[in-house]
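Structure record follows, encoded as structure tokens.
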Amino acid sequence: MSALSPLVELEPEALRCPAGVYERLRDEGVHYAPEIDAFVVARHDDVVRVLRDGRTFSSRNTVGRILPPADPANPKQPLSPLLLLSDAPEHTTRRSIVNRAFTPSKIAAWEPQVRQIAEEHVDRLRELADVDLVRDLAALLPVRVISMVLGVPLEDVAKFREWSEEITASVGNHGGDPVRREQVQDAFSGYISRLLDQWDGTVDTSVLSQIAAVERAGELTRRQCVSFVVELIVAGNITTTHHIASSIALLGSTPGLVEQLRADPALVQNFIEESLRLEAPIQGFYRLAMADAEVGGVTIPEGSRVFVLYGSANRDEQAWAECPHLRLDRPNAAAHLAFGKGAHACLGSSLARLEGRVVIEVLLDRLADLELLAAPEDLPYLKSFVNHGPVSLPARLRFREPVPAHEVAP
Ligand code: HEM
């Protein structure tokens, strides 16, 4: 047993607010936790040390078990290893190729469309008798946005959503039906492969066209292209849903916050960073020690699993002034570790930040009042100590009346 136990045992209070558990873990320093058969790294500087040293701390073990090497001859293995689970030099090469489709300027250009999608979803809430802001907003938006960014045909978005939800769920639910999982993976891979076949040779803003061009240039194989698209879905869906949900929960439960953000909308970006810091949607991830290594004065033996806690690093008083408080004026607000650090730092961080900011801006614009119907301590959280976020946010909303046409400035 270690101080991590309340989280591993999925105690609701610890899942909702793991701050107390993390404080004890940081006090203990780096130590072995038998519950997860891994060394736990919780202090900010130690987390950074591990994430920066990909040579010593391999990503091959991030899902907690060592994956067999990919077998190109096996047709039942349609996916090549995810970026998330690969190491240099293969990771470096593939990452530098896919980075091109996700530069901050390319993502920033999607803002008008993301806003339109967010407005559509928020406006639809007007028609609902009872509103759950996870079910009716946070869970719907990310897959819609990623479908658009990829360039999935509009008529297929529902199918795409269904498959991506199955795959996303299966990542966190290894007890699911393996036959169904394989069917969905086959259908999904076949679908992406057909879209790549249909590519007309034009490179536009869609990520699929950019990936198809990379395939044609011989930089990535078909399997790598398909695997990359599936990875985007898996990595960017639940995480962004949780980020939006946690941001709304903070918005609805922090006195004076709505008024502050309305008075100075430029602060919404810092609010998004603080929400990521305090409620990191991925609280921690695994690495595998490839050699004996010293972290925080403790030797981690070669072959050990290591659990790095971004969520705890984000709440380390050695790194953050007034650490437990949501502060809109932090000069280093974006320096949190919610997107990781080093070679594997999140590829989709610009997109996730854009989605989070735009949803909050649209809610502030459309709503006169947002009342959460459950107290923060009663909100149910996902039963996971890796992914973190509320799974339901029942709310009563009061919309602003649409501004009459004659009051709109010319
Ligand atoms: C708020 C939402 C998100 C959070 C908190 C988040 C968090 C993370 C973290 C912590 C990692 C690094 C894992 C590690 O250290 O091994 C990561 C990697 C990754 N993320 Fe995100 N992510 C989010 C949204 C997205 C989105 C929207 C996309 C895609 C559109 C995406 C795609 C990826 C990919 C492809 C990787 C693997 C990068 C690599 O290994 O080189 N993520 N994410």
Any aspartates and glutamates whose Cα falls less than 16 Å from that of K106, other than same-chain ones fewer than 8 residues away, would be D204, E355
Would you work out if the chain is rounded, prolate or oblate? Take a ≥ b ≥ c from the square roots of the eigenvalues of the alpha-carbon gyration tensor; rounded if a/c is under 1.5, else prolate when a/b is larger than b/c, oblate otherwise.
-> oblate
Residue (of F271, A235, S2) at the positive-pole extreme of the chain, dipole from beta-carbon charges = A235
With a probe of 1.4 Å, find how much accessible area the chain has per residue, and write the answer as a whole number in Å².
-> 46
Rounded to the nearest Å, the spacing of the alpha-carbon centers of segment 116-139 and segment 324-345 is 28
Which value results for Rg/Rh of segment 268-319 when Rg is the Cα radius of gyration and Rh the Kirkwood radius based on the inverse mean 1/r?
-> 1.13
With an 8 Å cut-off on Cα pairs and a minimum separation of 6 or more residues, tell me the relative contact order of the chain in percent.
-> 27
Straight-line reach from K159: which aspartates and glutamates have a Cα under 14 Å away, not including same-chain ones fewer than 8 places off?
-> D186
Taking the Cα centre of the chain as the origin, how large is its charge dipole in debye, to the nearest 20, when only Lys and Arg (+1) and Asp and Glu (-1) carry charge on their Cβ atoms?
-> 900
Counting only the heavy atoms of the protein chains, how much of E162 is accessible to a 1.4 Å probe, in Å² to the nearest 10?
-> 100
Okay, helix-only estimate at 222 nm for the chain: each DSSP H run of n ≥ 4 adds -39500 (n - 2.57), divide by all residues, round to 500 deg cm²/dmol; what do you get?
-> -13500 deg cm²/dmol
So, with a 1.4 angstrom probe, what is the percent of accessible area on the chain that is carbon and sulfur?
-> 54
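The values are calculated or read from the model by the stated rules, or taken from the named source; none is laboratory data. Since the structure is predicted, the reported quantities are computational estimates derived from the model, not experimental observations. Every residue, glycine as well, gets a Cβ built from its backbone with ideal geometry; the counts of neighbours run over all protein chains shown. In case anyone asks, the SASA skips ligands and DNA or RNA and just uses the protein heavy atoms, side chains included. Shrake-Rupley method; radii C 1.70, N 1.55, O 1.52, S 1.80 Å.
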